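Since every read-out is calculated from the coordinates, none of them should be taken as a lab result. Values in this document were obtained by computation on a predicted structure and should not be read as measured data. Cβ: placed from backbone, ideal geometry, glycine included. Neighbour counts: every protein chain shown.
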Amino acid sequence: MPDPFRFTLRATDGAARAGLIETPRGTIRTPAFMPVGTAGTVKAMLPESVRATGADILLGNTYHLMLRPGAERVARLGGLHRFMNWDGPILTDSGGFQVMSLAALRRLDEDGVTFASHIDGSRHRLTPERSMEIQRLLGSDIVMAFDECPALPAPEEAVAASMRLSMRWAQRSREAFGDRPGHALFGIMQGGVTRSLREESAAALRAIGFDGYAIGGLAVGEGQEAMFGVLDYAPALLPADRPRYLMGVGKPEDIVGAVARGVDMMDCVLPTRSGRTGQAWTPGGPVNLRNARHADDPRPLDESCACPACRGYSRAYLHHVVRAGEMIAGMLLTWHNLHYFQQIMAGMREAILAGRFDGWQRAFHDRRRAGDIPPLA
């Protein structure tokens, strides 16, 4: 019987790859950008609106859903897909990122992590086994192994110790996940910006065996140059016949650079968070709608864009609702940003399949160097 979770590599162009991840809940076209639905919602968006932007898969957050409303409650209510009214695939992170981001609220030991809730101070325990249980209760299609990583820069000894702990947790995650046809478990490579540690981590993950592999511990303070330095070799350390997921990235330039280096999947809060703070992402770069230069501009935010914000509203209107603090501002700009990020992914997929990814990259960077359209005279 064929595996209900399957990755097919359709084309390569240099290191860039285009493929399909088939799951019982739908097919994910790669390269793929996953909008972040931390607490069971992509902020300021309806699920059908997210789908309309071109997204095939969403990301949910184990730690936040564990705290509120609780994984057991979500399971009683039919699982995360039904709970949030999203019928496509969902990937859940393991809670490992919060081990770093909430360092002041947690205690780490060999077995796992004890958190003091940032909501009410209540105590919660996450281990590899509990993370697998929570993600099973949520009904995640793609489950992430439980890991931890230090913020960068950090001493190499600390990065090495953290990576080796994560590899021990990866083995425990694999054992606790068990055999779940139709659901996939991804291991997470760690090792900071040190090549020998990345190689050690990749070898450990390959020995355990996963359905897909993530590159973790980047976009945590090291800067784009250092991140690309790791991505110049890290994807090739992972099996070519499995999806490669770069966690927590990023800006459009980061995404394009990662795909050029062999990455298949990415996620980031940037397009949604920017949308709620008056920033739009366009082919010419970021645009701050708070700026007075937009107050009398009747043109759309991006004349080439087919999203509702660009089809029906002027820069002057978007400037007005942003400055007035109206909810529609976050709704329109979030939709626009997610649409633009998905257009980037669609453009890269098409270019890789056609064997013209280098030309697509040049045009992408040339347009961004040209900048945003100037204000009217």
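Please report the relative contact order for the chain, taking Cα pairs under 8 Å with a sequence separation of at least 6, and give it as a percent rounded to a whole number.
Values: 738 pairs, mean separation 64.6, N = 377.
Relative contact order comes out at 17 percent.
Does anyone have the angle between helix 315-324 and the longest principal axis of the chain? Alpha-carbon axes, 0 to 90°, nearest 10?
60 degrees
Counting Lys and Arg as +1 and Asp and Glu as -1, each charge on the Cβ, what is the dipole of the stretch 96-249 about the Cα centre in debye, to the nearest 20? Could you put the intermediate results ahead of the total?
Numbers: 16 positive and 20 negative charges, 56 e Å.
Taking the Cα centre of the stretch 96-249 as origin, the dipole is about 260 debye.
Please report the antiparallel percentage of DSSP beta bridges with both residues in the chain, rounded to the nearest 5.
Values: 23 of 45 bridges.
Antiparallel: roughly 50 percent of the beta bridges in the chain.
Report, to the nearest 10°, how far helix 128-138 tilts away from the longest principal axis of the Cα atoms in the chain, using its own Cα long axis and a range of 0 to 90°.
50 degrees
Whole-Hz ³J(HN,Hα) for each residue in the stretch 255-265, computed from phi via Karplus 6.51 cos²θ - 1.76 cosθ + 1.60 with θ = phi - 60°, x for glycine and proline: what do you get?
5, 5, x, 5, 4, 4, 9, x, 8, 10, 9
Given that compact globular proteins tend to follow 2.2 N^0.38 Å, what is the ratio of the alpha-carbon Rg of the chain to that value? It would help to have the intermediate numbers written out before the result.
Working: Rg = 20.6 Å, N = 377, 2.2 N^0.38 = 21.0 Å.
In units of the globular-protein estimate, the chain measures up at 0.98.
Of all the C-alpha pairs in the stretch 274-370, what % are more than 21 Å from each other?
Details: 1578 of 4656 pairs.
Pairs farther apart than 21 Å: 34 percent.
For a paramagnetic label modelled at 7 Å from the Cα of residue 72 toward its Cβ, which residues of the stretch 92-128 fall within the zone defined by backbone nitrogen distances under 18 Å?
Taking a point 7 Å out along Cα→Cβ of residue 72, the residues of the stretch 92-128 whose backbone N falls under 18 Å are 115, 117, 122-127.
What percent antiparallel are the DSSP beta bridges of the stretch 193-340, to the nearest 5?
Working: 4 of 9 bridges.
That works out to approximately 45 percent antiparallel.
Which residue fluctuates most in the GNM of the chain (Cα springs below 10 Å): 276, 82, 362?
362
Enumerate the calculated ³J(HN,Hα) couplings along the stretch 215-230 in order (Karplus 6.51 cos²θ - 1.76 cosθ + 1.60, θ = phi - 60°), each rounded to whole Hz, writing x wherever the residue is Gly or Pro.
9, x, x, 10, 6, 10, x, 8, x, 5, 4, 5, 4, 5, x, 6
About the Cα centre of the chain, what is the dipole size in debye to 20, counting +1 per Lys and Arg Cβ and -1 per Asp and Glu Cβ, all else neutral? Don't skip to the answer; put the middle values down first.
Values: 43 positive and 41 negative charges, 138 e Å.
Magnitude of the dipole: close to 660 debye.
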